[in-house]
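As structure tokens, the structure follows; a few thoughts come after it.
The values are calculated or read from the model by the stated rules, or taken from the named source; none is laboratory data. Here the structure is a predicted model, which is why all the values come from computation and not from measurement. No Cβ is skipped: glycine too gets one built from the backbone with ideal geometry, and neighbour counts run over all protein chains shown.
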Amino acid sequence: MRYLIILFLLNSCGTVTINNTQKVITHGPDYQERKHFFLFGTVRNHIVDINKVCESKSALQMRTEFTPMDTIYGIITFGIYTPRTASVWCRKS
């Protein structure tokens, strides 16, 4: 049990954020989807087309992260299935 807790704590810190603004974003993401990866994330490649997501508006921020649920899936499957959640924030006007 101790090893599962250590694995959870080590795995739950995986966030990459690309920010296109200096302002604080106060609204929730306009797009959020769990992307499916396998074998510790080495199998599969996903592309999020921010032009399609934001349409004619520009993107403010894009983030990919291990949510707590993503981490639990990775632990339960011993890394065979390791999803990541992708989120995109678009300019409102």
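Taking the condition modelled with pLDDT under 90, touching a His at 6+ places or on another chain (Cβ under 9 Å) and either among the β-branched types (Val, Ile, Thr) or not in a strand (DSSP E or B) (or both), does LYS92 pass? Outline the logic, then answer.
Working: modelled with pLDDT under 90: yes; touching a His at 6+ places or on another chain (Cβ under 9 Å): yes; either among the β-branched types (Val, Ile, Thr) or not in a strand (DSSP E or B) (or both): yes.
It is true that LYS92 is modelled with pLDDT under 90, touching a His at 6+ places or on another chain (Cβ under 9 Å) and either among the β-branched types (Val, Ile, Thr) or not in a strand (DSSP E or B) (or both).
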Restricting attention to the range 17-41, which residues are assigned to a loop (DSSP other than H, G, I, E, B) and of a type in the set (D, E, K, R)?
-> LYS23, ASP30
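Considering only residues that are assigned to a loop (DSSP other than H, G, I, E, B), exposed (fewer than 15 other Cβ atoms within 10 Å of the Cβ) and not basic (Lys, Arg), which ones fall in the range 42-78? Break it down into steps so the answer makes sense when it comes.
Pass one, the range 42-78, residues assigned to a loop (DSSP other than H, G, I, E, B): 42, 44-49, 55-58, 66-67, 77-78.
Filter once more, so that each one left must be exposed (fewer than 15 other Cβ atoms within 10 Å of the Cβ): 42, 44-47, 49, 55-58, 77-78.
Within the range 42-78, THR42, ASN45, HIS46, ILE47, ASP49, GLU55, SER56, SER58, THR77, PHE78 meet the criteria.
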